[in-house]
There are 2 protein chains.
Amino acid sequence: MSRLLKHVEIREYVRDLVQGSAPGTAAPSERDLVDRFGVARMTVRQALDALVSEGVLERHPGRGTFVAVPRRLPTGVSSFTEDMAAKGIVAESRTLVAERVRPTESLLVALRLRPDDMVVHWRRLRLADGRPVCISDAFLPETMVPGLLEKLPASLYDDLASRGRRPTWAEDDVAARTATDAEAELLEIPVGGVVLTRSRRALWRETPVEVSRTAFRGDQHSIALLLRN
Amino acid sequence: MSRLLKHVEIREYVRDLVQGSAPGTAAPSERDLVDRFGVARMTVRQALDALVSEGVLERHPGRGTFVAVPRRLPTGVSSFTEDMAAKGIVAESRTLVAERVRPTESLLVALRLRPDDMVVHWRRLRLADGRPVCISDAFLPETMVPGLLEKLPASLYDDLASRGRRPTWAEDDVAARTATDAEAELLEIPVGGVVLTRSRRALWRETPVEVSRTAFRGDQHSIALLLRN
DNA sequence: CAGTGGTCTAGACCACAGT
DNA sequence: CTGTGGTCTAGACCACTGG
């Protein structure tokens, strides 16, 4: 039995229907969906609104609703595992810390938590073809990823995706500094070597899902970006 | 005479009301707005939906609607001059090199030039409130900016804008390394200090406009980004 | 012309917050 | 308890598009 909200049910129905269709293909009209699901038109519109704001559909007044031209191609909010796979490199990671902690004040704000909420802290050394690439600290609301610590996934973003919470956008801040001694040792670079750091707040729709800080080996890595106005 | 749609009128009313309020401040409740404007609740919700998706407001079921924690500003393809102005800082620059040169092979490709085309090379030391921030080398097709060298503008992107060629998108590559001796001296950092580098190819529509390489003082500067899927 | 999406009404019941 | 946002109904009129 479907315990879904109606507008969710309709949204997923249309999403499946449209999956893989060429841009410009007509989607069912709002009144068609009203008849098919026996709901009010506002409910159908609520479902289609979501798909439009996701960039799946486009509305054309007086004509209909159509599959949208594909969105922004490039990385967007990318996952380390995917970035490496795209280069044909096998990504590995070694868990250094996986714990349940009380959030700091800044985490509380960034993740939009309530005072008693706990966060999951996961620190990993990440490797490509067996060589250290970066150290990352990820912080996630415990309620967002129940059971994560009991069974650490191979890819955090894959895990979030399976929970329907893959980040849709992120705020990044990129900087450079010298490595701490601990970082230098883990990354196998000289003490005082250069690291490229990335602070990220990743969100799904309007909900913060992850805050992370990553330090990349400066001598090997760079961050590629595509910016649009 | 206001020819505004009701939901637009309500949206702008709330936007003004909330302008400058601290995050967490309560916005009018939906039923308040229904009374104030004499409209149906769906109409009010339509107005608030827009503000929520803009990140201006947050909804908290059972509690109310509140001013959202501010997002970082979207960057898009930003200009140094504009970035500084946004922070209330006076940007200056000191021209180190301004010349007409034959393009290297990689510039020829990146700027999509023909073999005999020349490029303008402009190197600047850029300062904020009188202190060095970065060194940038910009390369532009000569045909794109005739007369630039005869009258160097205060802001390159302003100049491009006045020619109708302001970059609409860019490919950036961000990395970290130690400064060269020359860079260290200009940036007033210790020899061997850290710099954050950005290689950019900026395009207007599908036409390459600029290739630049910039080295920022790593101890002071970071690059803020907004990524979307 | 009939069909589309855009806007809007005037209600309703629900789950949830805080008092 | 009251008030909040979340969902939903069953209509309505409009401007616009296409045939």
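FYI, it's all coordinate maths here, none of it is from the lab. Predicted model only: the values in this text are computed from it and were never measured. Virtual Cβ from ideal backbone geometry, glycine too; neighbours counted across all protein chains shown.
Quick note on segment B:78-132: its Rg to Rh ratio, both from C-alpha atoms and Rh being the Kirkwood radius, is 1.15. Evaluating 6.51 cos²θ - 1.76 cosθ + 1.60 at θ = phi - 60° for every residue in segment A:126-134, the Karplus couplings come out as 10, 10, 10, 6, x, 10, x, 10, 7 Hz, glycine and proline recorded as x.
About its Cα centre, the dipole of chain A is roughly 700 debye, where the only charges are +1 on Lys and Arg Cβ and -1 on Asp and Glu Cβ.
The base-10 log of I(q)/I(0) for segment B:23-149, evaluated at q = 0.13, 0.20, 0.22 Å⁻¹, reads -0.72, -1.13, -1.21 [Debye formula, identical scatterers on Cα atoms, solvent excluded]. Counting Cβ atoms of other protein chains within 10 Å of each Cβ in B:48-61 and taking the mean gives 1. Averaged over the residues of peptide A:189-202, the number of Cβ atoms from other protein chains lying within 10 Å of each residue's Cβ is 3. Rounded to 0.05, the FRET efficiency of the A:Ser53 and A:Ala98 pair, given R0 = 41 Å and the Cβ-Cβ distance, is 0.75. Helix A:6-18 and the long axis of chain A differ in direction by around 80°, with both axes built from C-alpha atoms. Projecting 7 Å from Cα along the Cα-to-Cβ direction, the label point of A:Asp35 sits 4.4 nm from its equivalents in the other copies, listed shortest first.
Along the axis of the charge dipole computed for the protein assembly as shown (Cβ charges of +1 for Lys and Arg, -1 for Asp and Glu, origin at the Cα centre), the listed residues B:Gly193, A:Gly38, B:Ala128 are led at the positive end by A:Gly38. Put a plus charge on the Cβ of each Lys and Arg, a minus charge on the Cβ of each Asp and Glu, and nothing anywhere else: the dipole of segment A:78-132 about its Cα centre is then about 100 debye. The GNM of chain A, with springs linking C-alpha atoms under 10 angstrom apart, assigns the highest mean-square fluctuation among A:Asp137, A:Asp129, A:Asp116 to A:Asp116.
Treating the Cα atoms of segment B:80-217 as identical point scatterers in vacuum, please give the log10 of the normalised Debye intensity I(q)/I(0) at q = 0.22 Å⁻¹, two decimals. Scattering profile of segment B:80-217, log10 relative to I(0): -1.49.
When a/c reaches 1.5 or more, the comparison of a/b and b/c decides; with that in mind, is segment A:110-167 rounded, prolate or oblate per its Cα gyration tensor?
Details: a/c = 2.27, a/b = 1.68, b/c = 1.35.
Prolate, since a/c reaches 1.5 and a/b exceeds b/c.
For segment A:171-213, taking Cα atoms only, Rg and Dmax work out to 13.6, 41 Å respectively. Straight-line cross-link reach from B:Lys6 at under 29 Å between alpha-carbon atoms covers these lysines, not counting any fewer than eight positions away in the same chain: A:Lys6.
Label-point distances for A:Asp158 to the equivalent site in the other copies, using a point 7 angstrom along Cα→C-beta, read 5.1 nm when ranked shortest first.
Basic side chains Lys and Arg get +1 at the Cβ, acidic Asp and Glu get -1 at the Cβ, and with that the dipole of the protein assembly as shown about its Cα centre reaches some 1320 debye.
Shortest first, B:Glu188 label-point distances to identical copies amount to 4.1 nm, with the label point at 7 Å from Cα along Cα→Cβ. Annotation: average projected area of segment B:6-67 is 3.7 square nanometres, based on the convex hull of Cα atoms across all directions.
The protein assembly as shown: D in µm²/s via Stokes-Einstein (Kirkwood Rh, Cα pairs, 10 °C, 1.306 mPa s)?
63
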